[in-house]
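Peer 1: This is the structure, below, for whatever I ask next.
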Amino acid sequence: MEVSELNLADGEYTVEVTMEGGSGRASVQSPTELSVENGQAEAKIVWSSSHYDYMKVGEEKYLPVNTEGNSTFEIPVKVFDEPMSVIGDTTAMSVPHEIEYTLTFASDSVSPAQSGHGMGTAGIGIAAAVVIACAAAFWGIRKNKKKIG
């Protein structure tokens with residue numbers, strides 16, 4: 001299934017991704033971030049290792065978007081629900097090796113990304129309730145102190 005068939009509006013999403021290939025020791029974070037702009041999808045692939053220095057999708061080479069932590073790449077998502085061939089170049093061995101993997105992005109798992117740095121609507125409501133409760137408690141304590149003194 002192609003991106004256009006999903007009818008996704010421009011924006012930020014998450015999507016479940018599975019990986020096959022390699023030795024089985026490496027993995028990628030799932031769900032992963034998915035950006036859609038002008039009908040093109042791009043996934044943020046976060047490896048379980050910091051030893052990947054580039055990825056290839058087709059003939060295009062992609063460099064990491066981070067300098068610390070696990071290797072992270074932003075790559076185009078060409079298809080959903082079908083294995084997409086990619087190459088990851090690992091420097092974890094004595095000499096760099098290109099390793100073939102397939103990534104499969106599950107179209108039925110695409111959902112809007114949470115806004116507010118991971119604090120969804122429920123989290124904001126809870127935070128507001130805590131602030132109100134603290135204010136009420138403070139006001140009650142101040143009122144009681146005035147009666148006593």
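Peer 1: Which of rounded, prolate, oblate describes segment 57-116, given a ≥ b ≥ c as roots of the alpha-carbon gyration tensor eigenvalues and a/c under 1.5 marking rounded, otherwise prolate only if a/b is larger than b/c? Mind dumping the intermediate values first?
Peer 2: Values: a/c = 2.45, a/b = 1.41, b/c = 1.74.
Since a/c reaches 1.5 but b/c is at least a/b, the shape of segment 57-116 is classed as oblate.
Peer 1: So, one more: Determine the sum of side-chain charges near Ser50: Lys and Arg each +1, Asp and Glu each -1, restricted to other residues whose C-beta is under 15 angstrom from that of Ser50.
Peer 2: On the way: positive: Arg25; negative: Asp53, Glu68, Asp89.
Value of the local net charge: -2.
Peer 1: When the chain is fully extended, how far beyond the present Cα-Cα distance does Glu20 get from Glu98, taking 0.36 nm per residue of separation? Working shown, then result.
Peer 2: Working: separation 78, 0.36 × 78 = 28.08 nm, distance 1.46 nm.
Result for the pair: 26.6 nm of gain on full extension.
Peer 1: If you don't mind, another one. Using a 1.4 angstrom probe with every protein chain in place, what is the largest-first accessible-area order of Asp108, Asp53, Asp10?
Peer 2: Output order, biggest surface exposure first: Asp108, Asp10, Asp53.
Peer 1: Here's a follow-up. With a 1.4 Å probe and all protein chains left in place, how much of the accessible area of segment 1-119 comes from carbon and sulfur atoms, in whole percent? Display every interim value, and only then the final one.
Peer 2: Numbers: 3230 of 7070 Å².
Carbon and sulfur atoms account for 46 percent of the accessible area of segment 1-119.
Peer 1: Next question. For a quick check of your reading of the filter: which GluC sites (Glu not before Pro) in segment 56-108 sit in a DSSP loop and have no more than 11 other Cβ atoms within 10 Å?
Peer 2: The qualifying sites are Glu59, Glu68.
Peer 1: Here is a follow-up. Using a Förster radius of 30 Å, what is the FRET efficiency between Thr91 and Glu42 based on their Cβ-Cβ separation? Nearest 0.05, please.
Peer 2: Working: r = 24 Å, r/R0 = 0.81.
After rounding to 0.05, the efficiency reads 0.80.
Peer 1: To continue, here is another question. I'd like the accessible area for Thr18, computed on protein heavy atoms only with a 1.4 Å probe and all protein chains in place. Round to 10 Å², please.
Peer 2: We get 90 Å² for Thr18.
Peer 1: Please list, in order along segment 68-78, the HN-Hα scalar couplings obtained from phi with the Karplus expression 6.51 cos²θ - 1.76 cosθ + 1.60 (θ = phi - 60°), rounded to whole Hz, x for Gly and Pro.
Peer 2: Per-residue couplings from phi come out as 10, x, 5, 4, 10, 10, 10, 10, x, 9, 7 Hz.
Peer 1: Moving on. In the neighborhood of Glu5, defined by Cβ-to-Cβ distances under 15 Å, what is the net charge if each Lys or Arg adds +1 and each Asp or Glu adds -1? Don't skip to the end; give the middle numbers.
Peer 2: On the way: positive: Lys78; negative: Glu2, Asp81, Glu82, Asp108.
Within the 15 Å Cβ shell, the charges total -3.
Peer 1: In what order, largest first, do Leu63, Leu6 sit by accessible area if the probe radius is 1.4 Å? Display every interim value, and only then the final one.
Peer 2: Numbers: Leu63 115, Leu6 40 Å².
So, going from the largest accessible area down, we get Leu63, Leu6.
The values are calculated or read from the model by the stated rules, or taken from the named source; none is laboratory data. Remember, it's a predicted structure, so these values are computed and weren't measured experimentally. Neighbour counts are summed over all protein chains in view; Cβ atoms, including those assigned to glycine, are modelled from backbone coordinates with ideal geometry. Surface areas here come from the heavy atoms of the whole protein model, side chains and all, with no ligands, DNA or RNA. Shrake-Rupley method; radii C 1.70, N 1.55, O 1.52, S 1.80 Å.
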